[in-house]
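Undergrad: Please find one structure pasted underneath; my questions will follow.
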Amino acid sequence: MYKKSFAIAKILIAITISVFLFLTNEINSQSKTGIISGEVRDAVTKQPLPGANILIDGTNQGSACDENGYYVIKDVVPGRYSLKVSMIGYLSSVITELNINPNRNQSVNFELNSAAMEMDEVKVTADYFANPDENPVSFRTISPEEIRRSPGSAEDIFRVMQSMPGVATAGTKSAQLIVRGGSPEENLTLLDNIEVYNPIHFARTGESMGVISIVNPALLQKVDFLTGGFPAKYGVKMSSVFDMTLKEGNKETMNTDANLNIAGFGITMDGPVAENTNMVFSLRRGYFDLITSLLDKPVAPNYYDAVGKTSFDLNKDNRISLVGFYYVDQIERTGIEKGETYSWNRFDYLTRDDYGAAIGINWRSLISEKAFSLVTASYTSNGWNTIQGTELNRDLLGEDIREDEFSLKSEFNYQFSPKLNLKLGGQFKVINSHNESWSPADTTREGTIIPASIISYQPDAEFKSMFFLQSSFRIVDPLVISAGLRYDYFSLTNENNFSPRISLSYNLSERTRLNFALGRYYQSPASYEIAPDERNLLLNSSYADHYIAGVEYRLGLDTKAGIEIYHKELSSLIVDPDSSNLLINTGSGYAQGIEFSLQKKFTDGFVGSASYSYSISKRRDYELASLYDFEYDRPHILNLIFGLEMGAGWQIGAKFQYASGHPYTPVTGVTEIDNIFYVIDGENNSAHYPDYHKLDLRIDKQFVFDNWSFSVYLDLWNVYNRDNVVSYSFKTTKDGTITTEPRYDFGIMPIIGFTAKF
C-alpha cells in the first residue's frame, strides 16, 4: 500500500512538472487592465468615511471615497500590489499581496481604527497589524491571499491556522484545530455571525478527523482567529474563536473562478445582480471516491458544499445580507481488506451521511454617526446517520442524530468618544434534538461484555438565552481597558452562568505594547452527551478561566515579534469514568504554556513567520485522581514559514514543522477469557508517539492572457518522506502474543491545483 501511494505521488509530480513546462513555453498575450473597488468604514461605528484616500503603492494611481465610503480605481495593469488607505484622524491601513487580474474587479474593503486623539491632524503610520481594542491578546487576522499561498495547506483555511502559535495538529490527515491544549469541540466557529457546528468535512465520520473546510477560501474577506481571552460577545466555547467574514460581491463586474485540486472541483462567482444588490457564491464537489478507487480501497468518501451571500443596500444607512451554506459528507464501505482491524472484520459494510445547512439574514443599520446595530436571524440544521453491519445483517450498528436550531441575535454599538465605546447585545435560541442509536452486544479490550442497546432521545424543545455588555475605554492615551460581562441560560440544565472578562493594553512606546487578559468561559453540554442516558440531564456546563500576559514589539512597519504566556484552569469537565452512557461533571485540569512568534507581512517580494510553543495540558477524571496527559497534549511545536516572489508570475514557499508526539495508552499485557486473548491497557496516556516533523514546499505560477488568467501550483507535503507515526494498533495472536502495528501519516504527497479566472 505504501509503495503504491509513493508511485502515484511520483506520477502526479511528473504530470505537474510537465504542465509547468508546457505553460511556461506559451507566450502570454498583451493583458487588459483590471479594477479595484470597495468600501472604507470606521472600525468601531461602521460609518462610511467620505474623502478617505486610497493609493496603489509604487504608482500614482489612486482614488478617494464618495459620500458612501465607496471608491473605484480603474485601468490597473495586472500584477501584484500593496494598497494603502489613509484619512486624517485615523491610523493608515495597508493590504499587501493584492493580485490584480485582467477584466476583473478586485473588491477590497477597509476598516480604519481611530487615532484616539482629540485633534484634527495626527501623525499616522501604516498599520499592517490592526488589533481591535477589545482583542489585545491572542489575536490574528488572516487574509485570503495568505490562505492561498500558504505551503502545506492546499489552500485550506484550517490547515493554515495549524501553523499559528499555540495550535497543534492531529497530523497531516486532519484539519482539526487543537488550541492551547483544548479539544476540537472547544472551538467556536462563525460564518458571518452564524454559528457553524461542524466546519470541516469528515470531522465526525472517523475518517482521520476531517480533511478540508466546508468554506471555499475564495469567498472570504478575512478570518479573525482568537486563541484565548476573547471578549464577552463570544461564548459557549472554552478554547478559541474562529470568526470568518464572507466578502461582499463586487459592484463593478461579474467574476468567475474555476478551480481544481486533489480535494475536488469548485466554481466561484461574484458580482452585481441588480441595482444596489450583489452576490458571491461557491459550489464544490470532492472526488476522494475516485482516489480511493485508484488505491484499490473499499471505502468511497465524497463531499459537496455550497456557500453563498447576497447583499442589498436599502439606503446608505441600511444593508441586508442573506447568507447560507450547505454541505454533505458521504461514506460507503463494502467488504473488508486483508489485515484490517477486528472491528472492521465484524462490520464489513458501512454507509454514513454527515450534513449541515444554515440560512440567515443580517441587517446592519447605521443609527447615527456614533451608533450602529446588527441583527441576525438564522436557522441551522446539522447531524449524521450511520448504518453498519455484516453481509447477513446490514444494520447491526447505527445512529440517527439531528439538531435543528432557530436563533435571533442582536448587537448594538455606541461610540461616546474616540476614547469610550460601548457594546451590548443578546441572543435567543430554540433547539430541537433527535438522537437514536442501536448497537449489538460487544466485548471490550479487557474482555468485559457490553450488552446490546437501543437509545431513543427526542426531548421537548429547549432554549438558550444570552446577554452581554462590553466597553472599551482609555483612561490615559497609552492605556486601553476592555471590560465585559456575559450571561447565559440553558433551559435543559436550568443553569444561570455569568462570565466576567477584562483585558488591558499599555503602549510602552511606539514599538512596544504590553497586553493582559483574564476571564471565564462556559461550555454547555451537547445534546449527544445528554442523550444516551436520562440521568445525563443532571449535567452542568464545563468552564475555563483564562489568564494571559504578553508583549508585542514592532521591528518595522511590516514586522512584529511577540511573546505570550497563558494558563487555563478547567473545571466541571464532562467525563465518562466507567465507559458507560452515564456522564458526570467531575473532570478538571489545566493547560499552560508560552508562545514566541515573529511575523513579517508580504513586502518587497518576501513574507515569513516563525513560532515556537511550549505547553502542558493535564486532565483528571475526578477530584482525588492523578493527573494524566491530555490526548491532545504536544509540549513542543515549531513552525518556520517563508514565501518569495520570483517575478514573471512565479512564487515559491516552504514550511518546516516540528512537534512532540501525541500521548497514547500503551498495552501492558493480555488476559484470556473463554480461550480468547484480550490486551490489557496500561496507565492512561502514559506513553508518547515519536516526535513529528516534516517539510512542505509550494510552487506557484500565474499566466495572464488577454481576457483571463490561469494559475497552477504544486503543494508538496512531507518532502523528505518522513514516517510520522500517528497511532498504534495492538493485536493478539491465538497464542496470546501481542503484535504492534504503527499507522503512519502521509508520506510524500503532491497536491496539484489549477485555477482559471474569467
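Read the figures in this text as sums done on the coordinates, not as results from a lab. From a predicted model like this one, the values you see are computed outputs, not experimental measurements. Don't worry about glycine lacking a Cβ; one is built from the backbone with ideal geometry, like all the others, and counts go over all protein chains shown.
Undergrad: Give, rounded to the nearest 20 debye, the magnitude of the charge dipole that the chain has about its Cα centre when Lys and Arg contribute +1 at Cβ and Asp and Glu contribute -1 at Cβ.
TA: The calculated dipole for the chain is roughly 1740 debye.
Undergrad: Given Tyr90, Ser378, Pro301, which one lies farthest toward the positive end of the charge dipole of the chain, if we put +1 on the Cβ of every Lys and Arg and -1 on the Cβ of every Asp and Glu?
TA: Tyr90
Undergrad: Report the charge-dipole magnitude of the range 536-625 in Debye, nearest 20, computed about the Cα centre from +1 at each Lys and Arg Cβ and -1 at each Asp and Glu Cβ. Working shown, then result.
TA: Numbers: 8 positive and 11 negative charges, 60 e Å.
My answer is approximately 280 debye.
Undergrad: Classify the range 214-305 as rounded, prolate or oblate, taking a ≥ b ≥ c as the square roots of the eigenvalues of its Cα gyration tensor: rounded when a/c is under 1.5, otherwise prolate if a/b is larger than b/c and oblate if not.
TA: oblate
Undergrad: Let me have the 222 nm mean residue ellipticity of the chain computed from DSSP H runs of 4+ only, each contributing -39500 (n - 2.57), with the sum over all residues rounded to the nearest 500.
TA: Helix contribution divided over all residues of the chain: -1500 deg cm²/dmol.
Undergrad: Using the per-residue mean of other Cβ atoms lying within 10 Å as a proxy for protection, in what order, highest first, do the peptides 474-487, 706-719, 564-577, 228-241 fall?
TA: 228-241, 706-719, 564-577, 474-487
Undergrad: Which shape class applies to the range 341-480: rounded if a/c is under 1.5, otherwise prolate when a/b exceeds b/c and oblate if not, where a ≥ b ≥ c are the square roots of the Cα gyration tensor eigenvalues?
TA: Prolate shape, in that a/c is at least 1.5 and a/b is the bigger ratio.
Undergrad: Here is a follow-up. Report the convex hull volume per residue for the range 692-758, counting only C-alpha atoms, in Å³.
TA: Per residue, the Cα convex hull of the range 692-758 comes to 93 Å³.
Undergrad: In whole Hz and in residue order, list the ³J(HN,Hα) couplings for the range 228-237 that follow from phi through the Karplus curve 6.51 cos²θ - 1.76 cosθ + 1.60, θ = phi - 60°; x for Gly and Pro.
TA: x, x, 6, x, 5, 5, 9, x, 6, 9
Undergrad: Run the simple label-point estimate for Met254 and Leu190 please: 7 Å along Cα→C-beta, distance reported in nm.
TA: Spacing of the two 7 Å Cα→Cβ label points: 3.4 nm.
Undergrad: Continuing with this model, one more query. Extension gain Leu514-Asp576, at 0.36 nm per residue separation less the Cα-Cα distance, in nm? All intermediate terms of the calculation are to be shown ahead of the outcome.
TA: On the way: separation 62, 0.36 × 62 = 22.32 nm, distance 4.11 nm.
This chain segment gains 18.2 nm when fully extended.
Undergrad: R0 = 30 Å: FRET efficiency of Phe467 with Asp545, Cβ-based, nearest 0.05?
TA: Efficiency at R0 = 30 Å is approximately 0.90.
Undergrad: Using only the Cα atoms, work out Rg/Rh for the chain, with Rh taken as the Kirkwood radius, to two decimals.
TA: Rg/Rh: 0.96.
Undergrad: Using the Karplus curve 6.51 cos²θ - 1.76 cosθ + 1.60 with θ = phi - 60°, work out ³J(HN,Hα) for each residue of the range 406-422 in order, rounded to whole Hz, and write x for Gly and Pro.
TA: Along the range 406-422, the couplings run 10, 9, 10, 10, 9, 9, 10, 10, 9, 9, 5, 7, x, 9, 9, 10, 10 Hz.
Undergrad: Too long at a 28 Å Cα-Cα cut-off: which of Lys419/Lys560; Lys316/Lys464; Lys419/Lys464?
TA: Over 28 Å Cα-Cα: Lys316/Lys464; Lys419/Lys464.
Undergrad: Let me ask something additional. Using a Förster distance of 25 angstrom, determine the FRET efficiency expected from the C-beta separation of Glu67 and Leu374, and round it to 0.05.
TA: Computed FRET efficiency for Glu67 and Leu374: 0.65.
Undergrad: Report ³J(HN,Hα) in whole Hz for each residue of the range 493-510, in order, from the Karplus equation J = 6.51 cos²θ - 1.76 cosθ + 1.60 where θ = phi - 60°; Gly and Pro get x.
TA: Karplus-based 3J(HN,Hα) across the range 493-510 equals 9, 6, 10, 10, 10, 10, 10, x, 8, 8, 9, 9, 9, 10, 8, 5, 7, 5 Hz.
Undergrad: Ser686's amide H: which non-local residues (gap 5+, or another chain) put their own amide H closer than 5 Å, with H modeled 1.01 Å from N in plane and none for Pro or chain starts?
TA: Those qualifying (amide H under 5 Å, at least 5 residues apart or on another chain) are Tyr664.
Undergrad: OK, next. Please give me, ordered by residue number, the GluC sites (Glu not before Pro) of the range 584-688 that lie in loop per DSSP and have at most 15 other Cβ atoms within 10 Å.
TA: Of the GluC sites (Glu not before Pro), the ones in loops of the range 584-688 whose Cβ has at most 15 other Cβ atoms within 10 Å are Glu623, Glu683.
Undergrad: Tell me which residues come under 5 Å, amide H to amide H, from Ile214 once H is placed; ignore anything under 5 positions away on its chain.
TA: Ile200, His201
Undergrad: Still on this model: Round to a whole angstrom and tell me the spacing of the C-alpha centers of the range 553-625 and the range 341-420.
TA: With the range 553-625 and the range 341-420 each reduced to a Cα centre, they are spaced 25 Å.
Undergrad: Which of the GluC sites (Glu not before Pro) found in the range 376-441 are loop residues per DSSP with 12 or fewer other Cβ atoms within 10 Å of their Cβ? Present the calculation step by step, with values, prior to reporting the outcome.
TA: Numbers: sites: Glu391, Glu399, Glu403, Glu405, Glu411, Glu436; in loops: Glu391.
Those that pass, being in a loop and sparsely packed, are Glu391.
Undergrad: Return the loop-located trypsin sites (Lys or Arg not before Pro) in the range 508-549 (DSSP other than H, G, I, E, B) with at most 13 other Cβ atoms within 10 Å of their own Cβ; answer none if there are none. Numbers along the way, then the final one.
TA: Values: sites: Arg511, Arg513, Arg520, Arg535; in loops: Arg511.
Sites meeting the loop and neighbour criteria: Arg511.
Undergrad: While we're on this one: So between Val476 and Ile594, what do we pick up on full extension, going 0.36 nm a residue minus the alpha carbon distance?
TA: So the extension gain works out to 39.5 nm.
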